[in-house]
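Novice: The structure under discussion is supplied below as structure tokens; questions concerning it will follow.
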Amino acid sequence: MLDNYKKKYHKHNFQYILIDDYGNVIESDDTLFFIKRHCKIQNIHPFFEILENLNIIKNECFEFSCIHIEFKTNTFITDITIYSEKSNENLIVIEDLTKHYNNYQLTAQTRNESIINSQVLELKNEYLLEKEAFKNNFIANFSHQLRNPITASIIFSELLIDSDLSSDQKNYINIIKSANRDLKNRIEDVLDLSKIESGKLILVDKVFSLEELLNELIEAYKHLITKKNLEFNYILDPKLPEYLNGDSYRLKQIVGNLLDNAIKFTKKGSINLSVSLNYERANKANIQIAVSDTGIGIHPENHELIFVRFKKFPSVIENNNGIGLGLSIVRYLVLKMNGNINVESEVNGGSKFTCNISFKLTRYNKSLKNKLVEDLKGNLASKQSILLVENAELIQLSVLKIIANEGGFYLNIITNGNDVVPHIINHNVDLILLSNTIEGFSAMDITTSIRNLSKEYRKTPIVVISSEVFKEDLKRFKQAGANAILPKPFDKKSLLEKIYKYVK
């Protein structure tokens, strides 16, 4: 009974061939293909030419794998075993493994394709990482080269505006200040874009005066708006908290970019700023900021597209000399601050942007701030010694002018990193302003060298004046022992704030 099943289901994939020592076919079961008796096996396929050498060796077994045999219209992929057991009788066993080898080849091919695809993906990732690193390095270096001249231009514009100038000259200086501000904003936008794409843009929470921040913005934009013969209306809710805890720089950037956008697209009429308190709850204050204009407006179908970076529309390009980053960064910042932003606009009907952002409340108040400032200044009973380590003449001159006008300080300037430690040891130094652009020296190495001195020197406050402003850069300076970082470009106010904070 078993034989019946074997006959039904047995796969006939073996062929047995008996040949003599000369290769003549004695017998074949012809399971795979027909072989004529007494013909030469060598005539069946070139592979069997090897039998001329093998048949002389008796009592041996020879195995060959993955042999392709073409017979008429069929191709077999086989394993062949040759037994030379006795004189003039040699057995050839051919096993048809075509399906097996084809499946194996398909599996191997799939695996190889998977490996190749994986390697291609790795190469693409490496390429993208290298591309990202190149872009970030380029942006950082590009920014680094511009920060010194911008800083000097900002500071000297501020110094000139306070000097005895004619009305026309002051107008010229205001134009220079406006150009400097615009250039600074462009650089910051590009840097922010790089930070956003690399996930390195981090919000910094600190206590700030909302009133001072808004008043500074209003004063700064009054001139820009009135210069275009536009009316500037602003309303500040008297219920607004005096002080908040959050990222004041990013808040100023949001409002500033919205006002910049309104100015660009408004030729006549007015620009309006409204800041109000939505609610105070759970030790947080939700603030609404609304900026509206009477400009060219935006078609409803483009309301979302205006937040796409580098996106411009043909109808508004002539009104815009920007690079299409401002609103994209505004929305990113608002969302990162867990807020929301909406736009209402129609063509030739003006635009209105409304943001709602929450900030932490704080017990800090103006009277406390004034007392701290007076305490800081009151401690300066005699002139304090400040050491500036900087080899850029523009920055040297800028800091020197600010210190000279302020009074109460001596300023020594060093341009060589090797001279820093000897100067600290041989002179009284109350504060070190250390640039990160000293040729041949690292600000971190100089800071570490100072911190490795004896106890009386290692406590000297160090403020790094840095053209490197990414979070990891600031972290490295802090880890090396710097007390604070003053990013370039800086202005008179930010420099003096650092000085008064750390000079005892």
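The values are calculated or read from the model by the stated rules, or taken from the named source; none is laboratory data. What you see is a predicted model; the values in this text were computed from it and never measured. Don't worry about glycine lacking a Cβ; one is built from the backbone with ideal geometry, like all the others, and counts go over all protein chains shown. For the accessible areas, the whole protein counts, side chains as well, though only heavy atoms, and no ligand, DNA or RNA atoms are used. Shrake-Rupley method; radii C 1.70, N 1.55, O 1.52, S 1.80 Å.
Novice: With a 10 Å radius around each residue's Cβ, average the other Cβ atoms per peptide and rank 233-244, 424-435, highest first.
Specialist: Output ranking for 233-244, 424-435: 424-435, 233-244.
Novice: Give the Debye-formula value of log10 I(q)/I(0) at each listed q (0.10, 0.14, 0.19 Å⁻¹), with one equal scatterer per alpha carbon of the range 370-502, two decimals each.
Specialist: Results for the range 370-502 at q = 0.10, 0.14, 0.19 Å⁻¹ read -0.30, -0.60, -1.14.
Novice: How long is the gain from Phe14 to Ile202 if the chain were fully straight, where each residue apart is worth 0.36 nm and the alpha carbon distance is subtracted? Walk me through the numbers on the way to the answer.
Specialist: Working: separation 188, 0.36 × 188 = 67.68 nm, distance 7.24 nm.
Extra length from Phe14 to Ile202 when fully extended: 60.4 nm.
Novice: Summarise the accessible area of the range 370-502 (1.4 Å probe, protein heavy atoms) by the percent that is carbon and sulfur.
Specialist: Numbers: 3140 of 6520 Å².
Answer for the range 370-502 is 48 percent, counting heavy atoms of protein chains only.
Novice: Determine how large the accessible area of Cys66 is when every protein chain is in place; take a 1.4 Å probe and give Å² rounded to the nearest 10.
Specialist: Counting only protein heavy atoms, the figure is 60 Å².
Novice: Oh, and also: Just grab the label-to-label distance for Tyr249 and Asn88, each label 7 Å out from Cα along the Cβ direction, in nm (one decimal).
Specialist: Using points 7 Å along Cα→Cβ, the separation is 10.2 nm.
Novice: How would you order 272-279, 284-291, 167-174 from highest to lowest mean count of nearby Cβ atoms within 10 Å?
Specialist: On the way: 272-279: 16.4, 284-291: 19.4, 167-174: 12.9.
Taking the mean over residues of other Cβ atoms within 10 Å, the ranking is 284-291, 272-279, 167-174.
Novice: Can you list, largest first and rounded to whole Å, the semi-axes you get for the range 14-127 by taking the square root of 5 times each eigenvalue of its Cα gyration tensor?
Specialist: Its equivalent ellipsoid spans semi-axes of 40, 15, 11 Å.
Novice: Excluding same-chain residues fewer than 8 positions from Lys227, which aspartates and glutamates have a Cα within less than 17 Å of its Cα?
Specialist: Asp168, Asp182, Glu219, Asp260, Asp293
Novice: So what is the diffusion coefficient of the range 206-367 in µm² per second by Stokes-Einstein at 10 °C and 1.306 mPa s, using a Kirkwood Rh over Cα pairs? List each step's numbers first, then the result.
Specialist: On the way: Rh = 16.3 Å.
This corresponds to a translational diffusion coefficient of 98 µm²/s.
Novice: Roughly speaking, what is the stretch gain from Phe34 to Lys401, that is 0.36 nm per residue apart minus the C-alpha to C-alpha distance, in nm to one decimal?
Specialist: Full extension from Phe34 to Lys401 adds 121.5 nm.
Novice: Quick one: which residues, 5 or more positions from Leu230 or on another chain, have an amide H under 5 Å from its amide H? H modelled 1.01 Å from N in the peptide plane, none for Pro or chain starts.
Specialist: It is none; the list stays empty.
Novice: Determine the dipole magnitude for the range 9-96: charges of +1 sit on the beta-carbon of Lys and Arg, -1 on that of Asp and Glu, nothing else is charged, the reference point is the Cα centre, and the result goes in debye to the nearest 20.
Specialist: Working: 7 positive and 15 negative charges, 52 e Å.
Once rounded to the nearest 20, the dipole reads 240 debye.
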